[in-house]
Amino acid sequence: MTGKIIAGVLAPHPPHLVYASNPPQNEPRSEGGWDMLRWGYERMRKSVLAKKPDVLIVHSPHWMTVVGHHVLGLPKFQGLSVDPIFPHLFRFQYDINIDVDLSLAIAEEGRAEGLITKVMKNPDFRLDYGAITSCYLTNPAFDIPIVCLSSNNSPYYFSNEVGQHQMEKLGRATARAIAKSGKRAVLLASNSLSHRHFTNEPEIPEDMSHEHIYHHGQYLWDMEMLKMMREGRSRELIDVLPEFMDMALAEVKAGALTWMLSALDFPSYPAEVHAYGSVIGTGNAVVEWAHEANSGGAR
Ligand SMILES: [Fe+2]
């Protein structure tokens with residue numbers, strides 16, 4: 001049986017959304033907040049979990065690797081993950097199963113693309129809050145194994161263009177590994193959009209009277225990106241991304257969105273925006289590409 005990418009998701013990871021949800025694994029308690037984004041995540045979750053994925057594959061900007069692209073290579077990781085910027089919002093006890101076979105297959109296919117890949121086998125390795133947040137908000141039960149991909153630092157060391165080129169290769173490698181695995185996979189691009197943010201936190205972090213987009217220009221950029229996604233113009237989107245990264249300090253610079261769109265072979269069908277909202281002024285959208293329904297799962 002040929003494996004399939006059943007959906008791709010832009011799945012941003014503000015730790016505030018976990019904090020606001022008060023899961024038992026997270027130590028700090030909240031009074032809620034950022035409801036529109038959390039409801040959007042709920043809609044997306046209902047849609048992708050109904051498609052019965054075997055595996056969630058997440059690419060996170062907060063597992064940054066200087067040499068090559070890394071995957072997790074042990075069947076289980078557990079521990080406490082703390083957001084270094086928001087330790088008062090995110091102190092999360094995780095216990096996560098990894099699809100090691102698929103992780104190794106992606107690393108192998110990456111090498112075939114000419115990428116340097118490495119396998120993380122340190123049992124004490126601490127999973128980053130970005131990967132955990134996107135996975136928790138997609139599947140709070142954590143009953144589906146994940147594959148976790150690091151973000152190689154090339155966009156920061158070299159240029160946006162070099163970085164995106166690497167991510168396109170990683171996307172092709174991911175798609176080939178999934179096809180050979182026979183599994184049904186959901187891809188999570190763990191990125192926000194515009195990323196200018198406030199520098200002072202309100203006394204109550206979830207006080208929504210303080211929450212709004214940072215700057216009108218940032219909003220306009222975000223809307224232009226979402227318009228292209230909703231109109232199936234992903235090739236054009238990729239061309240514009242390097243400028244978006246510079247103008248909006250966009251977190252897509254770390255490569256997750258490019259990786260995912262490449263794995264989906266740059267879809268020309270419309271994506272569905274489940275939600276858009278700001279978190280400390282940054283632009284965040286939950287967007288789903290229903291790949292299986294629009295392409296039969298072929299690339
Ligand atoms: Fe982030």
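The values are calculated or read from the model by the stated rules, or taken from the named source; none is laboratory data. Computed from a predicted structure; not experimentally measured. Positions of Cβ are backbone-derived with ideal geometry, glycine not excepted, and every protein chain shown enters the neighbour counts.
Here Ile280, Ile213, Ile238 are screened, and the one residue that is modelled with pLDDT of 95 or more and either over 19 Å from the mean Cα position of the chain (by Cα) or more than 16 Å from the ligand (Cβ to nearest atom) (or both) is Ile238. Pull up region 10-64, narrow it to residues that are in a loop (DSSP other than H, G, I, E, B) and among the polar types (S, T, N, Q), then point me to the one that is surrounded by the fewest Cβ atoms within 10 Å (Cβ to Cβ). Of everything passing the filter in region 10-64, Asn22 is surrounded by the fewest Cβ atoms within 10 Å (Cβ to Cβ).
Can you confirm whether region 73-85 contains a residue that is farther than 25 Å from Glu288 by Cα, within 14 Å of the ligand (Cβ to nearest atom), more than 17 Å from the chain's Cα centre (by Cα) and surrounded by fewer than 20 Cβ atoms within 10 Å (Cβ to Cβ)? Yes - at least one qualifying residue is present in region 73-85. Among the residues that make up region 54-74, is at least one of them out of contact with any Phe, Trp or Tyr (no Cβ under 6 Å at 6 or more places or on another chain) and farther than 23 Å from Leu170 by Cβ? No, every residue in region 54-74 fails to be out of contact with any Phe, Trp or Tyr (no Cβ under 6 Å at 6 or more places or on another chain) and farther than 23 Å from Leu170 by Cβ.
Out of curiosity, is Gly110 at pLDDT 95 or above, over 19 Å from Val18 (Cβ atoms), assigned to a loop (DSSP other than H, G, I, E, B) and in contact with a helix residue (DSSP H, G or I) (Cβ under 8 Å, 6 or more places away or on another chain)? Spelling it out, it is not the case that Gly110 is at pLDDT 95 or above, over 19 Å from Val18 (Cβ atoms), assigned to a loop (DSSP other than H, G, I, E, B) and in contact with a helix residue (DSSP H, G or I) (Cβ under 8 Å, 6 or more places away or on another chain). Please go through region 94-103 and pick out each residue that is in contact (Cβ under 8 Å) with a residue 60 or more places away in the chain and either outside any strand (DSSP E or B) or over 20 Å from the mean Cα position of the chain (by Cα) (or both). If the condition is that a residue be in contact (Cβ under 8 Å) with a residue 60 or more places away in the chain and either outside any strand (DSSP E or B) or over 20 Å from the mean Cα position of the chain (by Cα) (or both), then Asp99, Asp101, Leu102 are the ones that fit.
The number of residues in region 133-166 being hydrophobic (A, V, I, L, M, F, W, C), touching a residue at least 60 places away in the same chain (Cβ under 8 Å) and touching a strand residue (DSSP E or B) at 6+ places or on another chain (Cβ under 8 Å) comes to 6.
Checking each residue in region 252-276 for being crowded, with 24+ Cβ neighbours inside 10 Å and over 17 Å from Ala173 (Cβ atoms) picks out Val252, Lys253, Ala254, Ala271. Exactly one residue among Ile144, Ile178 is in a loop (DSSP other than H, G, I, E, B), away from the ligand (no atom under 16 Å from the Cβ) and β-branched (Val, Ile, Thr), and that residue is Ile144. Suppose the filter is touching a residue at least 24 places away in the same chain (Cβ under 8 Å), part of a loop (DSSP other than H, G, I, E, B) and touching a Cys at 6+ places or on another chain (Cβ under 9 Å); does Phe125 pass it? When the stated conditions are applied, Phe125 does not pass them. For Arg196, the requirement of being surrounded by 15 or more Cβ atoms within 10 Å (Cβ to Cβ), within 16 Å of the ligand (Cβ to nearest atom) and among the charged types (D, E, K, R) is met.
Could you tell me whether region 216-224 includes any residue that is within 16 Å of the ligand (Cβ to nearest atom), of a type outside the set (Phe, Trp, Tyr), at pLDDT 95 or above and over 18 Å from the mean Cα position of the chain (by Cα)? Yes - at least one qualifying residue is present in region 216-224. Here is the figure for region 204-259: residues that are assigned to a helix (DSSP H, G or I), in contact (Cβ under 8 Å) with a residue 12 or more places away in the chain and within 12 Å of Asn160 (Cα to Cα) total 12.
Just to be sure before I move on: is Lys183 surrounded by 20 or more Cβ atoms within 10 Å (Cβ to Cβ) and of a type in the set (D, E, K, R) in the structure I sent? In short, yes. The condition of being buried (at least 22 other Cβ atoms within 10 Å of the Cβ), within 16 Å of the ligand (Cβ to nearest atom), touching a residue at least 24 places away in the same chain (Cβ under 8 Å) and over 14 Å from Cys135 (Cα atoms) holds for Phe90. Taking the conditions exactly as written (within 15 Å of the ligand (Cβ to nearest atom) and part of a loop (DSSP other than H, G, I, E, B)), does Asn191 satisfy them or not? Yes: the conditions hold for Asn191.
Scanning region 104-134 for residues that are of a type in the set (S, T, N, Q), under 21 Å from the mean Cα position of the chain (by Cα) and within 27 Å of Phe90 (Cβ to Cβ) yields Thr133, Ser134.
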